[in-house]
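The values are calculated or read from the model by the stated rules, or taken from the named source; none is laboratory data. If you're wondering where the values come from, they're calculated on a predicted model, not measured in any experiment. No Cβ is skipped: glycine too gets one built from the backbone with ideal geometry, and neighbour counts run over all protein chains shown. The accessibility values were calculated without ligands, DNA or RNA, using every heavy atom of the protein model including side chains. Shrake-Rupley method; radii C 1.70, N 1.55, O 1.52, S 1.80 Å.
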Amino acid sequence: MSTLVIVESPAKAKTISKFLGKKFVVKSSFGHVRDLPKSKMGVDIENNFEPHYIISRDKTKIAKELKNAAEKSDCVLFASDEDREGEAISWHLAQILNIPENQAQRITFHEITKQAIEEALAHPRGIDLRMVNAQQARRILDRLVGYELSPFLWRKVAKGLSAGRVQSVAVRLIVEREREIQN
């Protein structure tokens, strides 16, 4: 058996696998595998803003490959980037692979060198749920604001515009300035 190491990038996977040898299998998730659905809100406003995640259609093959690799492995280590997004990717992957939160192991490194990878392997940690929750809050806020404000922009400004967190502030400033002008 072997240890499965999951990174975000296929280029990283190739480089890291050269450092680790035959006891490790290094695979890429190609970034996020799960997300809110594109066709609907995906957030249950009535139920404490509970997100409803799906495996993206273009990622079903990757999810299946990772599940198969995990089943053949003694251990799974999540090595996605060390930021909110990377933490969330690891959390989503642990959920997809049915690895309990208290058993999920995460490694992080700041450079792709043999020494940095070996140091990370010597000090695995759990998934930081505070970072996961921060990313989820940002993603849910984007969705709530975007789904409510984007249709308004389509009617009033131009079809296809997106209203995220930053755009929402800009639109508010424009509206306030327009009201000042009208007054």
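Got a sec? What order do PHE49, PHE19 fall in by accessible area at 1.4 Å, biggest, i.e. largest, first?
PHE49, PHE19
Please report the carbon-and-sulfur percent of the accessible area for region 33-183; probe 1.4 Å, protein heavy atoms only, DNA, RNA and ligands left out.
51 percent
What is the magnitude of the charge dipole of the chain about its Cα centre, with +1 placed on the Cβ of each Lys and Arg, -1 on the Cβ of each Asp and Glu, and no other charges, expressed in debye to the nearest 20?
Dipole of the chain, to the nearest 20 debye: 680 debye.
Measuring with a 1.4 Å probe in the full set of protein chains, what accessible area per residue, in whole Å², belongs to region 26-183?
On a per-residue basis, region 26-183 sits at 64 Å².
Taking the Cβ of ASP58 as the center, what net charge do the other residues with Cβ under 14 Å away carry, scoring Lys and Arg +1 and Asp and Glu -1?
With Lys, Arg at +1 and Asp, Glu at -1, the net is +4.
Over the heavy atoms of TRP154, what accessible area does a 1.4 Å probe trace out, to the nearest 10 Å²?
100 Å²
Using a 7 Å offset from the Cα along the Cα-to-Cβ direction at both GLU111 and LEU173, what is the distance between the two label points in nm, to one decimal?
For the pair GLU111/LEU173, the computed spacing is 3.9 nm.
Restricting to Cα pairs below 8 Å that are 6+ residues apart, what does the relative contact order work out to for the chain? Please round to a whole percent.
Relative contact order here is 19 percent.
Using θ = phi - 60° and the Karplus relation 6.51 cos²θ - 1.76 cosθ + 1.60, list the HN-Hα couplings for region 33-38 in order, rounded to whole Hz, with x at every Gly or Pro.
9, 10, 7, 5, x, 7
Given the DSSP H assignment, sum -39500 (n - 2.57) over each helix run of at least 4 residues in the chain and divide by its residue total; what's the result at 222 nm in deg cm²/dmol, nearest 500?
-16500 deg cm²/dmol
Among residues other than PHE78 whose Cβ falls under 12 Å from its Cβ, what is the net charge (Lys/Arg +1, Asp/Glu -1)?
Taking every other residue near PHE78 into account, the sum is -3.
Using the Kirkwood radius over Cα pairs, work out the Stokes-Einstein diffusion coefficient for region 33-125 at 4 °C and 1.567 mPa s, in µm²/s as a whole number.
Roughly 87 µm²/s, to the nearest whole number.
Using mean Cβ contacts within 10 Å as the protection proxy, how do 73-82, 116-125 order, highest first?
With the highest mean Cβ count within 10 Å placed first, the list reads 73-82, 116-125.
Could you order GLU87, GLU65 by accessible surface area, starting with the largest, using a probe radius of 1.4 Å?
Per-residue accessible area, sorted high to low, gives GLU65, GLU87.
Which percent of the Cα-Cα distances in region 110-157 go past 12 Å?
Above the 12 Å cut-off, region 110-157 has 74 percent of its Cα pairs.
DSSP H helices in the chain with Cα extent of 20 Å or more along the helix axis and mean Kyte-Doolittle hydropathy at least -0.5?
129-156, 165-182
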